[in-house]
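Asks: Pasting a structure here, questions to come.
The values are calculated or read from the model by the stated rules, or taken from the named source; none is laboratory data. A quick note: this is a predicted structure, and the numbers were derived from the prediction, not measured. Virtual Cβ from ideal backbone geometry, glycine too; neighbours counted across all protein chains shown. These area figures cover heavy atoms from the full protein model, side chains too; ligands, DNA and RNA do not enter into them. Shrake-Rupley method; radii C 1.70, N 1.55, O 1.52, S 1.80 Å.
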Amino acid sequence: MQEKDIKRLVIKQLKTNFPHWRRLTKKEKKALAEQAIIEVMAYYNPKQSNYVPLHELTNMPELPVGIIPLHEMAKYIDNLNCNLLPFTNQSHNRHLVDPELRFIDALLDDRVLDSILAKPSYNPAMRTVSLAQLFRAELLKALRYGEMSYRKYCQLMINKLENKTVRAFLHLPLHRKIFIHHSQLSQFRTDLTMAQMLNLMVYATHLLLQRLKPPQPFLLGGVDSSDLASSCGPVPLATLAVGDKKVRIYSELDADCGKRRKKRNKSEYFVGYRLHTLVALDPQNGHHYPLLSMVAPANHHDKLFLPQLVAMAQAMGLPIQVITADAAYGDAQQNRHIKHAQGVTVITPASQQVKTPAQVDPERGQVFCDDYCEIPMRYLGSTGTGHEFGCDASPHECFRAPGCPQGREIPFDSGQFGQMPDIFPEVDRIRLLRKHMERSYNLFKHRAGLERLRLKSQHVVQAAATLAHLATVLAALAAHHRLAGKEKRPKQLPLAA
């Protein structure tokens with residue numbers, strides 16, 4: 001962890017002293033990065049290093065204030081008088097021929113969006129284009145034009161008056177030359193705070209629950225990660241060897257070198273970020289909805305972000321009680337702390353490196369009291385340190401009962417006896433739901449334009465990922481509405497002869 005602490009100090013110094021880092025040339029960045037490493041190492045003493053919070057060590061924002069919980073979102077909307085019919089221009093609806101865009105346009109309320117996105121000093125008279133219109137422009141890009149650059153998107157799609165459908169969805173005038181420049185969208189993404197992003201996801205989750213009305217709303221969640229390669233290049237500006245590790249400073253300060261899963265057409269290492277996403281799973285139909293994401297440098301281990309995801313989910317008011325994740329999140333001690341502190345059970349695949357406890361059948365998962373016991377024990381529950389099993393023999397069935405303890409406890413581990421032991425068939429079904437969730441990651445990245453990352457900072461990538469999640473949830477709502485309409489539509493009667 002020493003090399004990560006050194007890099008944290010170097011990046012902090014560069015960001016503080018050079019707030020306009022992106023405007024510098026590559027030669028200037030290289031000289032400043034090398035000088036910053038020399039200055040940090042001149043005063044760095046690893047023995048006197050102070051405690052660094054987890055979010056600061058992983059270069060993540062602290063849990064923000066001002067998050068609207070899910071159970072208060074309905075009251076928040078009512079306070080804005082959104083139950084009244086808005087005065088909209090009917091000519092805009094006439095040009096929304098796309099049923100998906102028409103449904104999403106009717107679902108979103110500009111007054112809610114403006115209220116969530118506005119800062120305390122914001123005045124609607126300050127801009128000719130409202131915050132809700134900029135949000136709709138970003139949402140439409142994630143829905144339809146993810147692979148298009150922002151410059152071409154504004155020039156070819158938004159600012160042409162003949163594109164009535166696009167301008168109608170953005171609530172822009174159809175016959176007046178009020179345009180949106182790509183620099184306005186860039187500034188909009190930069191100005192988005194973490195609290196605003198989370199409130200937007202709470203608003204989308206509220207709409208999702210209002211439309212779907214599930215009997216048990218989102219008690220099960222899944223967590224997974226995906227790599228996002230940056231365009232800053234693989235060659236660092238400056239490198240420092242710390243033992244057997246290396247500190248690398250890139251032209252994009254927040255990006256770092258990470259290891260990706262083995263792929264045929266890609267190298268094993270990449271420079272960029274890793275996207276950690278919390279997805280709500282519906283066990284009835286297998287549908288999944290991304291509700292929360294974190295973008296972090298790629299050099300950090302996945303397990304460091306599970307506590308931060310759970311903390312943000314609880315701040316949003318998401319009622320998730322069980323989370324399934326892959327083996328990278330399977331830290332037994334950390335997951336026990338999450339269970340004790342937040343009450344969330346984490347289920348990960350059983351590690352093959354963990355030995356099966358004694359007197360346990362590895363194939364059937366049956367637990368016995370000792371080597372001479374022939375009757376499998378029954379599960380009694382979990383304690384603070386492990387799982388408790390009791391004798392399942394009927395009276396006078398076992399002749400060893402008088403001298404047998406008739407109970408044993410198996411400590412928690414990363415194998416078959418995690419927070420929920422593998423003896424329950426529900427554990428395998430939950431893991432299968434996580435496998436189904438993994439298939440949508442590549443489709444999500446390609447659709448939102450995150451596969452070929454053109455954005456230049458971690459915060460802006462976080463904003464783009466949040467907007468992509470919003471587009472995914474709203475598109476799922478539109479698909480559900482379309483299918484529900486087909487089911488309710490009466491069958492056409494045959495014509496009379």
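Asks: For segment 367-384, name all the residues that are within 22 Å of Val427 (Cα to Cα) and either modelled with pLDDT of 80 or more or not in a loop (DSSP other than H, G, I, E, B) (or both).
Replies: Selection gives Val367, Phe368, Pro376, Met377, Arg378, Tyr379, Leu380, Gly381, Ser382.
Asks: What tally of residues in segment 328-366 results from selecting those that are over 23 Å from the mean Cα position of the chain (by Cα) and either within 16 Å of Arg434 (Cα to Cα) or not in a loop (DSSP other than H, G, I, E, B) (or both)?
Replies: Residues meeting the conditions: 2.
Asks: Somewhere in segment 79-94, is a residue open to solvent by 50 Å² or more (accessible area, probe 1.4 Å), part of a loop (DSSP other than H, G, I, E, B), under 30 Å from His206 (Cβ atoms) and modelled with pLDDT of 80 or more?
Replies: Yes, segment 79-94 has at least one match.
Asks: Can I ask one more? Taking Ala36, is it modelled with pLDDT under 90, hydrophobic (A, V, I, L, M, F, W, C) and out of contact with any Cys (no Cβ under 9 Å at 6 or more places or on another chain)?
Replies: So Ala36 does not fit the description; no.
Asks: Show the residue pairs meeting these rules: Cβ distance below 6 Å; 6+ apart or different chains; first residue within segment 406-433 and more than 14 Å from Phe389 (Cα to Cα); second residue in a helix (DSSP H, G or I) and open to solvent by 50 Å² or more (accessible area, probe 1.4 Å).
Replies: Gln419/Lys339
Asks: On to the next question. Looking at segment 115-131, can you tell me whether even one residue there is among the charged types (D, E, K, R), closer than 22 Å to Val473 by Cβ and open to solvent by 70 Å² or more (accessible area, probe 1.4 Å)?
Replies: no
Rundown of residues vs (1) loosely packed, with under 13 Cβ neighbours inside 10 Å; (2) in a helix (DSSP H, G or I), yes/no style:
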{"position": "Glu3", "(1), (2)": "no, yes"}
{"position": "Arg8", "(1), (2)": "no, yes"}
{"position": "Lys12", "(1), (2)": "no, yes"}
{"position": "Lys15", "(1), (2)": "yes, yes"}
{"position": "Arg22", "(1), (2)": "yes, yes"}
{"position": "Gln35", "(1), (2)": "no, yes"}
{"position": "Val52", "(1), (2)": "no, no"}
{"position": "Leu63", "(1), (2)": "no, no"}
{"position": "Ile68", "(1), (2)": "no, no"}
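Asks: Here's a follow-up. For residues in segment 37-50 being in contact (Cβ under 8 Å) with a residue 12 or more places away in the chain and assigned to a helix (DSSP H, G or I), which is surrounded by the fewest Cβ atoms within 10 Å (Cβ to Cβ)?
Replies: My answer is Pro46.
One line per residue, one yes/no per condition, for (1) open to solvent by 70 Å² or more (accessible area, probe 1.4 Å); (2) of a type in the set (D, E, K, R); (3) without any contact (Cβ under 8 Å) to a residue 60 or more places away in the chain:
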site: Leu309; (1), (2), (3): no, no, no
site: Ile320; (1), (2), (3): no, no, no
site: Gly330; (1), (2), (3): no, no, no
site: Arg336; (1), (2), (3): yes, yes, no
site: Ala350; (1), (2), (3): no, no, no
site: Ala358; (1), (2), (3): no, no, yes
site: Gln366; (1), (2), (3): no, no, yes
site: Asp371; (1), (2), (3): yes, yes, yes
site: Arg378; (1), (2), (3): yes, yes, yes
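Residue-wise test of (1) surrounded by fewer than 18 Cβ atoms within 10 Å (Cβ to Cβ); (2) modelled with pLDDT of 75 or more; (3) at negative phi.
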residue	(1), (2), (3)
Glu409	yes, yes, yes
Pro425	yes, yes, yes
Met437	no, no, yes
Arg489	yes, no, yes
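Asks: Name the residues in segment 166-214 that are open to solvent by 20 Å² or more (accessible area, probe 1.4 Å), of a type in the set (Ser, Thr, Tyr) and within 27 Å of Tyr289 (Cα to Cα), would you?
Replies: Matches in segment 166-214: Ser186, Thr190, Thr193.
Asks: Look through Leu220, Leu253 and report the one residue that is within 30 Å of Pro283 (Cβ to Cβ), under 23 Å from the mean Cα position of the chain (by Cα) and not charged (D, E, K, R).
Replies: Being within 30 Å of Pro283 (Cβ to Cβ), under 23 Å from the mean Cα position of the chain (by Cα) and not charged (D, E, K, R) holds for just one of Leu220, Leu253, which is Leu220.
Asks: Could you look through segment 386-404, keep only residues that are open to solvent by 30 Å² or more (accessible area, probe 1.4 Å) and at pLDDT 80 or above, and pick out the one that is nearest to Ser414 (Cα to Cα)?
Replies: Glu388
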